[in-house]
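The values are calculated or read from the model by the stated rules, or taken from the named source; none is laboratory data. Note that the coordinates shown come from a computational prediction; the quantities given were computed from them, not determined experimentally. Because the Cβ atoms are built from the backbone with ideal geometry, glycine has one as well, and the counts that use them run over all protein chains shown.
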Amino acid sequence: MKQTVVLNLPPDKIRAMQQTYRSALKPKTPAYAVFSASVDGVTITAYQSGKVVFQGLNAEGIAKTWGTAEKKPAAAAKQSPLPKNFASWNVIGSDEVGNGSYFGPVVVCACYVTKEQMPLLKELGVKDSKELSDSSIRSIASDLVHVVPYQELIVTPEKYNQIQPEYNVNRMKVALHNQAIHLLLNKIAPVKPDAILIDQFTPEANYRNYLKKEKHPVTDNLYFATKGEQYHLSVAAASIICRTRFLEALDTAGSELGFTVPSGAGKQSDLTAARILKRGGTALLGRYAKLHFANTEKAKKLLPGSGY
Ligand code: MG
């Protein structure tokens with residue numbers, strides 16, 4: 001019988017596991033996964049949260065070598081985090097983009113989508129932005145902004161670098177999601193949504209803890225789901241607007257600098273950062289990049305003999 005075993009493991013064990021299975025790693029990993037591997041017919045997926053899922057005929061046998069399982073993982077994994085028929089409720093959904101990219105802003109957007117608007121949104125092509133090309137995303141967003149009430153907030157890299165030492169990433173995200181939702185609730189008042197769905201980036205308890213630090217905390221009717229865009233079009237719409245603003249900001253950066261500014265945080269980002277450092281040092285780089293990323297140090301090493 002096919003088995004599913006879930007372990008909660010510390011980061012060093014997950015790294016050791018990744019090393020052990022390095023020849024069996026899958027090229028693609030699900031969202032928030034550290035790695036995914038296929039070992040003797042068992043699929044092993046380790047998540048950033050520390051959760052490691054073993055699935056397959058001998059899942060127990062392999063999992064046993066790494067730790068002791070939680071109780072009843074299969075039942076827990078299947079449960080939808082949201083009430084029945086949630087997809088047809090009138091919902092404010094919020095999402096953010098840019099947090100994992102070295103260049104560009106962090107953009108958060110909240111959108112209000114009613115049941116009546118859903119056919120139109122589907123007609124416009126609103127769906128999970130991971131299934132859409134950047135150019136479709138931009139063109140859908142250009143219609144969407146005339147159709148749904150929304151509130152976007154953009155944290156430029158300059159601003160991000162100012163607040164990042166004080167606000168850790170999750171606190172910053174909570175502040176932004178909350179502020180966008182708060183402003184959107186004011187915009188649509190006296191109408192009230194049935195629910196507010198946040199594309200989940202931290203456990204609910206953490207979100208609510210950071211909320212206590214906010215001036216206008218929105219605490220009622222909150223729901224959380226990872227991959228929120230699969231549960232409600234409002235999150236998909238928010239995600240499309242966020243992504244568009246983020247791409248536009250990279251375009252602007254590119255035209256100011258005279259060369260393409262990449263998204264992501266890979267090798268290309270290091271090279272581009274080195275180019276910017278050469279032209280204007282950290283002061284110039286800090287206008288375009290999130291300086292605390294490891295890319296900054298990597299870029300400095302790419303500059304031979306300079307002061308960096
Ligand atoms: Mg998200």
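Taken across the stretch 222-242, residues that are touching a residue at least 24 places away in the same chain (Cβ under 8 Å), more than 18 Å from the chain's Cα centre (by Cα) and part of a helix (DSSP H, G or I) do not occur at all.
Is it the case, given these coordinates, that residue 144 is away from the ligand (no atom under 16 Å from the Cβ) and without any contact (Cβ under 8 Å) to a residue 40 or more places away in the chain? Answer is no for this residue. Every condition in (1) in contact with a strand residue (DSSP E or B) (Cβ under 6 Å, 6 or more places away or on another chain); (2) within 16 Å of the ligand (Cβ to nearest atom); (3) of a type in the set (S, T, N, Q) holds for residue 221 except the one numbered (2).
Among the residues of the stretch 178-185, are any outside any helix (DSSP H, G or I) and within 16 Å of the ligand (Cβ to nearest atom)? Within the stretch 178-185, not a single residue is outside any helix (DSSP H, G or I) and within 16 Å of the ligand (Cβ to nearest atom). Counting just the residues of the stretch 194-205 that are within 16 Å of the ligand (Cβ to nearest atom) and part of a strand (DSSP E or B), which one comes out farthest from the chain's Cα centre (by Cα)? Once the filter is applied, the top-ranked residue is 196. When restricted to residues that are within 15 Å of residue 172 (Cβ to Cβ), of a type in the set (Ser, Thr, Tyr) and either more than 15 Å from the ligand (Cβ to nearest atom) or in a loop (DSSP other than H, G, I, E, B) (or both), the stretch 85-104 contains 1. Filtered by the rule that a residue be more than 21 Å from residue 154 (Cβ to Cβ) and either among the polar types (S, T, N, Q) or in contact (Cβ under 8 Å) with a residue 40 or more places away in the chain (or both), the stretch 274-294 gives a lone residue, 282.
Quick one: in the stretch 1-36, of everything that is without any contact (Cβ under 8 Å) to a residue 40 or more places away in the chain and of a type in the set (Gly, Ala, Ser), which residue is nearest to residue 229 (Cα to Cα)? For the stretch 1-36, the residue satisfying everything is 33.
Only one residue in 197, 153, 185, 124 is over 25 Å from residue 250 (Cβ atoms) and touching a helix residue (DSSP H, G or I) at 6+ places or on another chain (Cβ under 6 Å), so which one is that?
Residue meeting the stated conditions: 197.
Each residue in the stretch 260-291 was checked for being more than 26 Å from the chain's Cα centre (by Cα) and among the charged types (D, E, K, R), and 3 of them qualify. Going through the stretch 151-175 one residue at a time, which ones are of a type in the set (D, E, K, R) and in a loop (DSSP other than H, G, I, E, B)? If the condition is that a residue be of a type in the set (D, E, K, R) and in a loop (DSSP other than H, G, I, E, B), then 166 is the only one that fits.
Within the option set 218, 191, being closer than 23 Å to residue 120 by Cβ and part of a loop (DSSP other than H, G, I, E, B) holds for one residue only, 191.
Could you tell me which residue of the stretch 224-244 is farthest from residue 115 (Cα to Cα), considering only residues that are away from the ligand (no atom under 11 Å from the Cβ) and buried (at least 20 other Cβ atoms within 10 Å of the Cβ)? Taking the candidates together, the pick is 244.
Figure legend. Inter-residue proximity from the stretch 47-66: first residues closer than 17 Å to residue 15 by Cα, second residues aromatic (Phe, Trp, Tyr) and modelled with pLDDT under 90, beta-carbon distance below 6 Å, spacing 6+ or different chains. Indicated pairs: 47/32; 48/32.
Checking each residue of the stretch 112-130 against the condition of being under 14 Å from the mean Cα position of the chain (by Cα) and surrounded by fewer than 23 Cβ atoms within 10 Å (Cβ to Cβ) gives at least one match. Tell me which of these residue 256 doesn't satisfy, since it passes every other one: (1) out of contact with any Ser or Thr (no Cβ under 6 Å at 6 or more places or on another chain); (2) modelled with pLDDT of 95 or more; (3) within 13 Å of the ligand (Cβ to nearest atom). Tallying (1) out of contact with any Ser or Thr (no Cβ under 6 Å at 6 or more places or on another chain); (2) modelled with pLDDT of 95 or more; (3) within 13 Å of the ligand (Cβ to nearest atom), residue 256 fails exactly one: (3).
Of all the numbered requirements in (1) more than 22 Å from the chain's Cα centre (by Cα); (2) touching a residue at least 12 places away in the same chain (Cβ under 8 Å), residue 86 misses one, and that requirement is (1).
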